[in-house]
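Working notes, beginning with the structure itself.
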Amino acid sequence: MGNAPPLGQGNDLPPGHPPMGEAPPGMGGGMPPGMGAPQGAEPAQMTWKVPARWQTVPNPSTMRIATYRVPHAPGDSEDPEVAVSQAGGTVEANAKRWMGQFGPEGEKNAKKSTRTVKGLTITLVEVEGKYTGGMGKDGREEENWAMLGAIVETQGMPHFVKMTGPVKSVKAARAELDELLASVAPKEPSK
């Protein structure tokens, strides 16, 4: 196999991003209140409200703080997934990496917007087309997929809320993602 670095440890990640498969120092994978955090995990630096019809599912990686399954729209056969994580890297580098998961055509047609919620700056990235990347895709490419990804600038490293799935189902769940983003708030430090 040569001397290539292990997956995720080459130059394919944004500057400051931890190696894949390892949690950033001190992260551990905290969860919002009421969801239970893994043993010894530090809590997330923000809180949020999960939309009622989203199902909490086990995290497939130590990089995840939370994972949700969103029921698919009629006519689609696969449920979108929402991954909440926290990692390093700049907003721009992470947005560019996400857009790159949809190839040159996706990058060209991607949309980016910014909003502020309870003092937190949120950058929303919207892209659709042929999805070729992501930690959970097992190397498969998916035609007619979409991603709505939010980068929430919190103290320390930013938080990411990323929904991927079939275009129709992701678009159908857009209002619910907006509801979640409207509920984010900085977590109060424990005393």
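The values are calculated or read from the model by the stated rules, or taken from the named source; none is laboratory data. Since the model is a prediction, treat every value here as computed from it, not as a measurement. Cβ placement follows ideal geometry from the backbone for every residue including glycine, while neighbour counts extend to all protein chains displayed. Please note that ligands, DNA and RNA were not included when accessible areas were found on the heavy atoms of the full protein model with its side chains. Shrake-Rupley method; radii C 1.70, N 1.55, O 1.52, S 1.80 Å.
From the list 149, 134, the lone residue that is among the small types (Gly, Ala, Ser), closer than 15 Å to residue 67 by Cα, buried (at least 16 other Cβ atoms within 10 Å of the Cβ) and modelled with pLDDT of 85 or more is 149.
Scanning the stretch 172-189 for residues that are in a helix (DSSP H, G or I), open to solvent by 10 Å² or more (accessible area, probe 1.4 Å) and either touching a Phe, Trp or Tyr at 6+ places or on another chain (Cβ under 9 Å) or farther than 15 Å from residue 125 by Cβ (or both) gives 172, 175, 176, 179, 182, 183.
Taking the numbered list (1) in contact with a Leu (Cβ under 6 Å, 6 or more places away or on another chain); (2) surrounded by fewer than 18 Cβ atoms within 10 Å (Cβ to Cβ); (3) assigned to a helix (DSSP H, G or I) in turn, residue 113 passes all entries but (3). Of all residues in the stretch 48-65, those satisfying the criterion of being more than 13 Å from the chain's Cα centre (by Cα) and not in a loop (DSSP other than H, G, I, E, B) are 55, 56, 57. Note on the stretch 93-110: among residues that are crowded, with 18+ Cβ neighbours inside 10 Å, touching an Asp or Glu at 6+ places or on another chain (Cβ under 9 Å) and assigned to a helix (DSSP H, G or I), the one that is modelled with the highest pLDDT is 99. Considering the stretch 52-80, the residues that are touching a helix residue (DSSP H, G or I) at 6+ places or on another chain (Cβ under 8 Å) and buried (at least 17 other Cβ atoms within 10 Å of the Cβ) include one that is farthest from residue 183 (Cα to Cα), namely 76. The set of residues in the stretch 66-88 being more than 10 Å from the chain's Cα centre (by Cα) and not small (Gly, Ala, Ser) consists of 68, 69, 70, 71, 72, 74, 76, 78, 79, 80.
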